[in-house]
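Read through the structure below, which is laid out as structure tokens, and then see the notes.
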Amino acid sequence: MSSAAPLRIGVVGPGLMGLGLCHAAAAAGVHVVLAGRDEAAARCGLARLAGDLDRRVQRGRLDPTARDAILARVSVATGDEALAGCVLVAEAVAEDRAVKAGVLRRIEAVVAGDAVIATNTSGLPVSGLAAALTHPARFIGLHFFSPVDRMALVEVVVGAQTDAATTRAALAWAGRLGKTPIVVRDGPGFFTSRVFAAYLDEAAAMVAEGIAPAAVEAAAISAGMPMGPLAMLDETGIALNWQQARQARADSLPDRFCRPLSWPVLDRLVTLGRRGRRDGGGFYDYPEAGVRRLWPGLAALFPAAATGPEIDAVQRRLMNAQALEAARCLEEGTVADARDADIGSVLGLGFPPSEGGVLAQVERRGWAVFAAECDALADLHGERFRPSAWLRAKARAAQGAQAASTRGIASP
């Protein structure tokens, strides 16, 4: 039997995502060192993880032996030096550039020179965060999804200075943890957060317009989405989405990355203390006994319009908003090909698997049809839906190829 110490990874940040990463890694047989702002914070986080695992055991969702094995593989850092032997350390702290910079400097000061340093940010550009490090070549984004132990996707975000060895190591670790990785180019929101924000923001805009929140939710569910966008905003955290938009403004990013559609709604709800499910409620109330229900106060905040659209019109806005942003990501090289976009949308965003993915369903319907629908939406709801020159060219090429095929002529 080998006496070599097991490979260890470190997780800094004992919040929702950090604890989820500890759970996923330990369940995959990996030893984890959990660190917080101090030892007490890390121990409090470990206690929360134990409580969550206990609840799963009580509900019959986890075997008690598996629970014990997971907790046995997670240790608490008594100080930053406990991270020194980790081959990978990931930070999962608040989506605040200054906070992350401080944590990254702490990590780099103690880990070995060949250790990978990762951020779990869901949208802050990796290349910008890398400025906090002396050796940015070993820094990369590993964007996991919540709940980490159940969500299969991880976005591997390659920064401008990330070297090839770091990318290979990150991909290997994603596989070791049982995740399906897609490699995305660095930039605000990466791929999934951009597409997800387009979906959520279109829903928030409709609420502000006076479209019934229940109708927005029903349209999404009937289109095959696993959860309505307003419920999803509650789950991911209205305050988190608000903070992401505020940080984008602080970073002077282009307006399209600053959530202009949803900002008035998010800001109003956060001001009223409606910060999301974990903070007591947001678009929905969450009674201790019973199912969630839409918060009655929404009617006063966002009065109903005189007439509401048909459900298919609401669906078209929600689904085409996602597809159009995915097409922009393909155009800009954020994803290398449509396959990665489809994998990311199904495994990370809950896009209906029956559709094959966010761009597969456009391909099936036809790019020309999609472009025409977007033009119609732009005329009604704003230039954000207007197809780019790249998309129009793609639509013409697809239409030409289809016509040639119909005539029995091989397309070039």
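Remark: pairs (first residue in the stretch 207-222, more than 19 Å from Asp285 (Cβ to Cβ); second residue assigned to a helix (DSSP H, G or I); Cβ separation under 6 Å; 6+ apart in sequence or on different chains) = Ala208/Val265; Ala219/Ile311; Ala219/Val314; Ala219/Gln315; Ala220/Pro229; Ala220/Leu318. What are the residues in the stretch 59-107 that are basic (Lys, Arg), touching a Gly at 6+ places or on another chain (Cβ under 9 Å) and at pLDDT 95 or above, if any? Listed by number, the list holds a single entry, Arg73.
When Val158, Val111, Val195 are checked against the criterion of being among the aliphatic types (A, V, I, L, M), modelled with pLDDT of 95 or more and crowded, with 23+ Cβ neighbours inside 10 Å, Val195 stands alone in meeting it. Every condition in (1) part of a loop (DSSP other than H, G, I, E, B); (2) in contact with an Asp or Glu (Cβ under 7 Å, 6 or more places away or on another chain); (3) surrounded by fewer than 23 Cβ atoms within 10 Å (Cβ to Cβ) is met by Arg106 except one, and the failing one is (1).
Let's see how each residue does on (1) of a type in the set (Val, Ile, Thr); (2) in a helix (DSSP H, G or I):
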residue	(1), (2)
Asp149	no, no
Thr167	yes, yes
Ile182	yes, no
Arg249	no, yes
Arg256	no, yes
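Would you pick out the residues in the stretch 345-394 that are assigned by TED's automatic domain parsing to the domain that holds Asp255 and of a type in the set (S, T, N, Q)? Within the stretch 345-394, Ser345, Ser354, Gln361 meet the criteria. Assessment of the stretch 307-328 against the conditions (in contact with a His (Cβ under 8 Å, 6 or more places away or on another chain) and either crowded, with 18+ Cβ neighbours inside 10 Å or among the acidic types (Asp, Glu) (or both)) yields at least one matching residue.
Just one of the numbered conditions (1) outside the structural domain of Arg268 (by TED's automatic domain parsing); (2) surrounded by 21 or more Cβ atoms within 10 Å (Cβ to Cβ); (3) aliphatic (A, V, I, L, M); (4) within 26 Å of Glu331 (Cα to Cα) is not true of Ala203: (1). Would you be able to say whether some residue in the stretch 57-72 is farther than 30 Å from Ala239 by Cβ and either outside the structural domain of Trp173 (by TED's automatic domain parsing) or outside any helix (DSSP H, G or I) (or both)? Within the stretch 57-72, one or more residues are farther than 30 Å from Ala239 by Cβ and either outside the structural domain of Trp173 (by TED's automatic domain parsing) or outside any helix (DSSP H, G or I) (or both). In the set (1) in a loop (DSSP other than H, G, I, E, B); (2) in contact with a strand residue (DSSP E or B) (Cβ under 6 Å, 6 or more places away or on another chain), the condition left unmet by Ala118 is number (1).
Looking at the stretch 116-126, can you tell me whether even one residue there is touching a helix residue (DSSP H, G or I) at 6+ places or on another chain (Cβ under 9 Å) and surrounded by fewer than 19 Cβ atoms within 10 Å (Cβ to Cβ)? Taking every residue of the stretch 116-126 in turn, none turns out to be touching a helix residue (DSSP H, G or I) at 6+ places or on another chain (Cβ under 9 Å) and surrounded by fewer than 19 Cβ atoms within 10 Å (Cβ to Cβ).
The values are calculated or read from the model by the stated rules, or taken from the named source; none is laboratory data. What you are looking at is a predicted structure, and each value in this text was computed from that prediction instead of being measured. So basically every Cβ, Gly included, is an ideal-geometry build from the backbone, and we count neighbours across all protein chains shown.
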